[in-house]
Amino acid sequence: GENDPFFFEVNMFLAQAKFETERGIRSCGFKLYGKWEGAKRSKTWIEDKGASSSMLSRGTFCAQTSIRVGRRQIPAVRGGLRRIFEGITIAMFSEHSEEKMYPFVPFAMNTSSDTSKQSPTIAYYIANPERTKQGSIIIDTAFTKLFQDYGEDGTARWIINAVGFLADRFIERDYDSSCESSSILKPLGFRHNLFATFSKFTPKASIGHARVHSILMLDHSGSMRGSMGNLQDAVNSYCHERRRMGGDEYLTVIMFQSSATLLYRQIRLSSISHVQLPRAGGGTSFAPAIQMGRSMILSNFSNVFILFTDGDNGDHPSTLSEVRCLKGHNHVLHTIGIGGEGHLREYASQTGGRYQCGSATGLISIFTSLAQFVC
């Protein structure tokens, strides 16, 4: 959906749609209307404050982690979200009551302090495959933000969650450890400006096999002496998984301690069978590695940055500046830590990336999972 007048197609669909539900064949009792200026004057976010779908207040989204659909318990659409950028100009729902909205369920409320304009900004319908061949639906009343404001905190995570939810697939291995890797949704060739909507927006990429350039920035400071073997195995597992998935894959590996060293430069992944990492020694600084990584970016590729460390860095201001440069160019940084969170979650969230933590012995699982997640 979008603001007035660009929601007309949604309203045409809602006026004619019939939904097969537990309560029988139902029609929608609402439509979209209006143009509320959400972040027109200052940026606003919808936050996770632990609310249920029936107890949403302004500026919050539903914290429910799973949903029962027939005999299945499926992951809710909020997995991994802490906040969602609200958008600039936003449509509203004409009716908010449970009876009028059914079979849709409100997921997020706008931030308006004007009670007459308080409304869900996102709602969803879950199709039960035991009853219907229909698919699930998400209505986001600020659709343009999904590509115009892709770099804003939470937008990338929301897109991934929504795609996984609509495809009825587990988007993250965390959701179901028994899920076969072949059945995990793998978005291919995604670009932040991929989708066209109104006539003034033109797509600049097409969906196809992914062209991914993985830029691995790996800690080999002195504290890593006992874990370099685990890290090497994990990196090779990542490379194996990316090769298995196919596509045009390239790899850059940067090792860092107090300074950064280029180990592999923009090599085709299919040309190497094994990655050999150096011995550990030295301090820990992230900024030189990220700066070097930015100089390795390949055009017309999805450049995926992955930062691994076993501890916090001593150059947080410089690192944050480098991370913001990545964000400014719509590059995503994923972070992995085995020595505490430090600032790693903050760095990842700045770019819409994923933060993971674990132990040295669990690195193979973490890196393999990330290889299946990135696009």
Quick check: is even one residue across region 206-214 at pLDDT 90 or above and buried (at least 17 other Cβ atoms within 10 Å of the Cβ)? yes
Any chance L56 is at pLDDT below 85 and within 28 Å of R324 (Cα to Cα): no
In region 274-320, which residues are on the phi > 0 side of the Ramachandran plot and of a type in the set (A, V, I, L, M)? none
For T261: the one exception among (1) at pLDDT 90 or above; (2) out of contact with any Phe, Trp or Tyr (no Cβ under 6 Å at 6 or more places or on another chain); (3) open to solvent by less than 20 Å² (accessible area, probe 1.4 Å): (3)
Which of the residues that make up region 1-27 are farther than 15 Å from F104 by Cβ, open to solvent by less than 50 Å² (accessible area, probe 1.4 Å) and not in a strand (DSSP E or B)? E2, N3
Pick from region 241-258, criterion in a helix (DSSP H, G or I) and touching a helix residue (DSSP H, G or I) at 6+ places or on another chain (Cβ under 8 Å), ranking: surrounded by the most Cβ atoms within 10 Å (Cβ to Cβ): R242
Lone unmet requirement of (1) at pLDDT 90 or above; (2) outside any loop (DSSP other than H, G, I, E, B); (3) of a type outside the set (F, W, Y); (4) more than 21 Å from R354 (Cβ to Cβ) for V275: (2)
Residue check: is G229 over 24 Å from Y347 (Cα atoms), within 23 Å of the chain's Cα centre (by Cα) and open to solvent by 10 Å² or more (accessible area, probe 1.4 Å)? no
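If you take the residues in region 28-51 that are open to solvent by 50 Å² or more (accessible area, probe 1.4 Å) and assigned to a loop (DSSP other than H, G, I, E, B), which one is modelled with the lowest pLDDT? Please lay out each step first, then the result.
Our first condition is that a residue be open to solvent by 50 Å² or more (accessible area, probe 1.4 Å); within region 28-51, this holds for 31, 33, 35, 37, 40-43, 45, 47-50.
Right, trim to assigned to a loop (DSSP other than H, G, I, E, B) and you get 31, 40-43.
Numbers: K31: 90, K40: 56, R41: 51, S42: 59, K43: 65.
Residue satisfying both the conditions and the ranking: R41.
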Read through the list (1) open to solvent by less than 50 Å² (accessible area, probe 1.4 Å); (2) in contact with a Gly (Cβ under 9 Å, 6 or more places away or on another chain), then give the number of the only condition that G293 fails. (2)
In region 285-299, anything of a type in the set (S, T, Y) and either touching a residue at least 60 places away in the same chain (Cβ under 8 Å) or under 16 Å from G311 (Cβ atoms) (or both) is listed as S285
Unmet criterion (only one of (1) assigned to a loop (DSSP other than H, G, I, E, B); (2) at pLDDT below 75; (3) over 18 Å from F367 (Cα atoms); (4) open to solvent by less than 50 Å² (accessible area, probe 1.4 Å)) for F147: (1)
Pairs please, first residue from region 11-40 and of a type in the set (V, I, T), second anywhere and open to solvent by 100 Å² or more (accessible area, probe 1.4 Å), Cβ atoms under 8 Å, 6+ apart in sequence or on different chains. T21/R131; I25/K18
Residues being closer than 23 Å to V332 by Cβ and either crowded, with 19+ Cβ neighbours inside 10 Å or among the hydrophobic types (A, V, I, L, M, F, W, C) (or both): count how many of those fall in region 265-290. 10
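The values are calculated or read from the model by the stated rules, or taken from the named source; none is laboratory data. Bear in mind that the values here come from a model prediction, so they are computed numbers and not experimental data. Please note: Cβ atoms are built from the backbone with ideal geometry, for glycine as well, and neighbour counts cover all protein chains shown. Heavy atoms of the whole protein, side chains included, go into the accessibility calculation; ligands, DNA and RNA do not. Shrake-Rupley method; radii C 1.70, N 1.55, O 1.52, S 1.80 Å.
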